[in-house]
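J.: The structure under discussion is supplied below as structure tokens; questions concerning it will follow.
Please treat every number below as a calculation from the coordinates, not as lab data. These numbers were taken from a predicted model, which means no experiment stands behind them. Counting neighbours? That spans all protein chains shown, and the Cβs are built from the backbone with ideal geometry, glycine included.
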Amino acid sequence: MRRTIFDEEHKQFRDSVRRFFQKEIGPEAARWRDQGQVDRDAFLKAGRQGLLLMWAPETYGGAGVDDFRYEQIVYEENFRHGEPGFFLVLHSRIVAPYIGRFGTEEQKRRFLPGAVSGETILAVAMTEPGAGSDLASMRTRAEDRGDHWLLNGSKTYISNGLLADAVVVAARTVPDSRHGIGLFIVERGMEGFSRGGRFHKMGLHAQDTAELFFDNVRVPKANVLGDPTRGFHLLAHGLAEERLIAAVGSIAHAQVAFDLTLDYVKERHAFGRPIGTFQNSRFKLAEMRAQLDAAQTFVDQCVLEHNAGRLTGETAAAAKLITSELEGRVADDCVQLHGGAGYMEEYRISRIYTDARITRIFAGSSEIMKEIIGRSLGLDDRAKS
């Protein structure tokens, strides 16, 4: 499918990004999966290439590029030629913007240049053992002690959890308010801040996912992002983009699965002919091709809407729902078309299958996406009769 949203500059940028992932990231992927995390050097290399925080103003070392299509290209090429467990987009487009949008000038100067260069790796800590998508139920607490905040609690399933040098932590600051939450920048080495071991996940084995613990951590007032009682609203500000990022990743991953499988069924023979020539294979791949093209067109349009400042939370939820569900179906069908080889981890399609399972859960589960879309239709079961 010819994609018309990219111009010549985007195509040249894609060529450069592709070479970077082919040379610097892809060759290291197997080793990273074995060790359970990427090397810190991966972020430094991406920083030197200018791929981190491209949106950041030149004042802080960025390129000042306010065009999400460039981020889309980075994400797509990482899935195709790099390593899905290398969460540079989380660092650049989900966590860093909290500092860029809501941080003080001092905070921006302190954290953004290191994030641009890859020296300061970022993470965000929202999810807790007893509160997943329901942020209003979080139990981590921060108490105002005059010249600092005292932070206590724990967070779980935190991506970049082991590598992170600065973590944006959400904590309750108003005990009797479900939405009374603050955002605090907790830095590596702060007394009382510790990390659990790496979680052993079904997929994304190169992604360091961990539990974080906060035991009377003294967070300076200089590390509070915005109003310490309005963090819930600050978190909500970036949700549409986060779900668009997830959609971009899901459709890119599904496209890779399709391409691998199309090549495989042309080469693998059964009963004297390529298995791709059997009607079942042709029909399966034809159906996938049509659905992938339709979903890709929708996602590309969402990117343009986001660039124009018009992307709504409901539309982003729809994109995330459609693409993550399609990714799962495509990965499953592609494993089936690989036959026994599809079950072997030596074949990339096996890893795609397990890596893909999380996308229907993170950044808001499919069920939460349906709730958001349903409520936008006026079907809100919270309404009083």
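J.: What list of ³J(HN,Hα) couplings, whole Hz, do you get for the range 25-35 from phi and the Karplus terms 6.51, -1.76, 1.60, once you set θ to phi - 60° and write x for glycine and proline?
T.: After applying 6.51 cos²θ - 1.76 cosθ + 1.60, I find 10, x, x, 8, 4, 4, 5, 5, 5, 5, 8 Hz.
J.: Okay, moving on. What is the gain in length, in nm to one decimal, between residue 143 and residue 310 on full extension, counting 0.36 nm per residue of separation less the C-alpha to C-alpha distance?
T.: Result for the pair: 56.4 nm of gain on full extension.
J.: For a quick check: with amide H placed at 1.01 Å from N, whose amide H comes under 5 Å from residue 149's, ignoring anything fewer than 5 positions away on the same chain?
T.: 219, 221
J.: Among 21, 138, 199, which residue has its Cα positioned farthest towards the positive end of the charge dipole of the chain, with +1 placed on the Cβ of Lys and Arg, -1 on the Cβ of Asp and Glu, and the dipole taken about the Cα centre?
T.: 199
J.: Do you know the relative contact order of the range 238-376, to the nearest whole percent, from alpha carbon pairs under 8 angstrom that are 6+ apart?
T.: Normalised by residue count, the contact order of the range 238-376 is 35 percent.
J.: Among 225, 49, 62, flag the residue with its Cα farthest along the positive direction of the charge dipole of the chain, charges on Cβ as +1 for Lys/Arg and -1 for Asp/Glu.
T.: The listed residue farthest towards the positive side: 49.
J.: Here's something else I'd like to know. Taking 8 Å as the Cα distance limit and 6 or more residues as the minimum spacing, I'd like the relative contact order of the range 191-305 as a percentage.
T.: The value is 18 percent.
J.: Right, next: Quick one: which of 18-26, 265-273 comes out on top by average Cβ neighbours within 10 Å, and what's the full order, highest first?
T.: Top to bottom by mean Cβ count within 10 Å: 18-26, 265-273.
J.: Report ³J(HN,Hα) in whole Hz for each residue of the range 284-296, in order, from the Karplus equation J = 6.51 cos²θ - 1.76 cosθ + 1.60 where θ = phi - 60°; Gly and Pro get x.
T.: Each residue's phi maps through the Karplus curve to give 4, 5, 5, 5, 4, 4, 5, 5, 5, 5, 5, 5, 5 Hz.
J.: Right, another one. Over the range 250-385, what portion of Cα pair distances is larger than 22 Å, expressed as a whole percent?
T.: 47 percent
J.: OK, next. Computed over the Cα atoms, what is the radius of gyration of the range 123-229 divided by 2.2 N^0.38 Å, N being its residue count?
T.: After normalising by residue count via 2.2 N^0.38 Å, the value is 1.03.
J.: Out of the range 119-178, which trypsin sites (Lys or Arg not before Pro) are coil in DSSP terms and have no more than 14 other C-beta atoms within 10 Å?
T.: In loop regions of the range 119-178 (DSSP not H, G, I, E or B), the sparsely surrounded trypsin sites (Lys or Arg not before Pro) are 139, 145, 178.
J.: Output wanted: per-residue J couplings in Hz (rounded whole) for the range 234-251, from phi through Karplus 6.51 cos²θ - 1.76 cosθ + 1.60, θ = phi - 60°, x for Gly and Pro.
T.: After applying 6.51 cos²θ - 1.76 cosθ + 1.60, I find 5, 4, 5, 4, x, 5, 4, 5, 4, 6, 5, 4, 4, 5, 4, x, 5, 5 Hz.
J.: Would you mind working out the magnitude of the charge dipole of the chain relative to its Cα centre, with +1 at each Lys and Arg C-beta and -1 at each Asp and Glu C-beta, to the nearest 20 Debye?
T.: Charge dipole of the chain: 420 debye, to the nearest 20.
J.: For Rg and Dmax of the Cα atoms in Å, several values are listed as (1) 20.4, 61; (2) 23.6, 81; (3) 21.4, 79; flag the one computed from this structure.
T.: (3)
J.: List the relative contact order of the chain as a percent without decimals, with contacts defined as Cα pairs under 8 Å and 6+ residues apart. Provide the component values of the computation, followed by the final result.
T.: Details: 660 pairs, mean separation 57.3, N = 385.
After rounding, I find 15 percent.
J.: Then there is this: For residue 10 and residue 329, calculate 0.36 nm times their separation in residues minus their Cα-Cα distance, and state this gained length in nm to one decimal.
T.: Roughly 111.8 nm would be gained on extension.
J.: Moving on. Under a point-charge model restricted to the Cβ atoms of Lys and Arg (+1) and Asp and Glu (-1), what is the dipole moment magnitude of the range 238-376 relative to its Cα centre, in debye to the nearest 20?
T.: 320 debye
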